[in-house]
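Each reported figure results from applying straightforward, stated rules to the coordinates on display, with no laboratory input. Treat the numbers as computed from the prediction; the structure is a model and nothing was measured. Reconstructed Cβ throughout: ideal geometry from the backbone, glycine too, with neighbour counts over all protein chains shown.
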Amino acid sequence: MLFTATRRQLLLLAIAALAFPMANATTINQLIIGTGSVTGVYYPAGGAICRLINKNQPQRTIRCSVQATEGSIANLQALQAQNINLAVVQSDAQLAALKGIEEFASTGPNSALRSLFSLYAEPLTIVARQDAGINSLSDLPGKRIDIGNPGSGDRSTMELLMRAEGWKADTFAQLGGLKGAERAQALCDNQFDAFIYVVGHPSGTIKEASGNCDINLVPVMDDAVKQLLKQHPEYTTAMIPGRLYRGVDDDIPSFGVVATVVTTESLPEPVAYAIVKAVFDNFEQFKRLHPAFSSLDKKRMTEQGLTAPLHPGALRYFKENGLIK
């Protein structure tokens, strides 16, 4: 019996409907990727991934769209609740969700979490007004600091640093919880002396801050941080390049995480394979879609920061293309 183009399209639509059981009929064949603040790097990263998925899907049966969110923790919670299909998350948050620890202690381990690939390093970045007198970690106590909104990887990473340094909430004059898009204006309006951002560089938020007021980036490296890195292999040393932001000429040492793209085991293998193929088969184009992608390396993207097991669809693509033996 002949398998016509019409029947083939119907079958693909049926597969899509099973793969993405969203809340209503209008989103039944939508692939939704949770990202972060629209001024961060996660949002354009998700857009770049969707652009390649949509462009490299001849049948157009599944459309990828980007959703702005509160960040890594919120994305992982949404994945577990099956409200989104994909997410860009920090590697430390990925590990916490997999093990059911820290912010995920109440919900327990998410054994269904699966990795697709990693992206770029994200240093913990402390952006201070130049007139605040913050030039090292030891200058932070007693200052007004925004540590990021609840549900963000910024806050969870800063809370880890606070524990390592022996700082508590009352160590600071004020602790804020603004969203990424709000922090630059608040800093320049003198609502805070510094804000925390775990982000790939260059960052639109930090460019906004440096364009509107005089800033400096604070080195995030001391004995407590070195000990933290020994205890938490999901973190790594990182360097923020100089000359990306007005008034910041020197490279700034820090530590950070890796941005990763994750899903769950419920995503069908052919769909996961198609997602990875869309990115890796068009790798040079992908690298040009955002400055943070410029130094990406295919091999590192198959292993760096991926604490959750690889999705079978991703694993199949990597093996077929010699990226994993």
Using 1/(1 + (r/R0)^6) with R0 = 51 angstrom and r between the beta carbons of Gln30 and Gln130, what's the FRET efficiency to the nearest 0.05?
-> 0.65
Based on the alpha carbon coordinates of the stretch 65-119, what radius of gyration and maximum Cα-Cα distance (Dmax) apply, in Å?
-> 10.4, 30
FRET efficiency for Asp249 and Ala81, using Cβ-Cβ distance with R0 set to 35 Å, rounded to 0.05 | 0.20
For the stretch 202-307, what is one quarter of the convex hull surface built on the Cα atoms, given in nm²?
-> 8.9 nm²
Å³ per residue enclosed by the Cα convex hull of the stretch 122-257 | 91 Å³
In deg cm²/dmol, rounded to 500, what helix-only [θ] at 222 nm does the chain give when every DSSP H run of at least 4 residues adds -39500 (n - 2.57) and the total is split over its residues?
-> -10500 deg cm²/dmol
For the chain, one quarter of the surface area of the C-alpha convex hull, expressed in nm², comes to 17.7 nm²
The stretch 239-244 - phi-based ³J(HN,Hα) in whole Hz, Karplus 6.51/-1.76/1.60, Gly and Pro as x = 10, 8, x, x, 6, 8
Integer Hz, Karplus 6.51/-1.76/1.60 couplings in order for the stretch 64-81, x for Gly and Pro = 9, 9, 9, 10, 6, 9, 7, x, 4, 4, 4, 5, 5, 5, 5, 4, 5, 7
Would you give the gap between the C-alpha center of the stretch 221-280 and the C-alpha center of the stretch 294-308, rounded to a whole Å?
-> 9 Å
Applying the Karplus parametrisation 6.51 cos²θ - 1.76 cosθ + 1.60 with θ = phi - 60° to the phi angles of the stretch 36-45, what ³J(HN,Hα) value in whole Hz is obtained for each residue in order, glycine and proline being reported as x?
-> x, 5, 5, 9, x, 9, 4, 5, x, 5
Glu234 versus Val38, label points 7 Å from Cα toward the beta carbon: distance in nm?
-> 3.0 nm
Amide H neighbours of Thr69 at under 5 Å, excluding residues fewer than 5 places away on the same chain, with H built from the backbone geometry, are Thr35, Gly36, Ser37
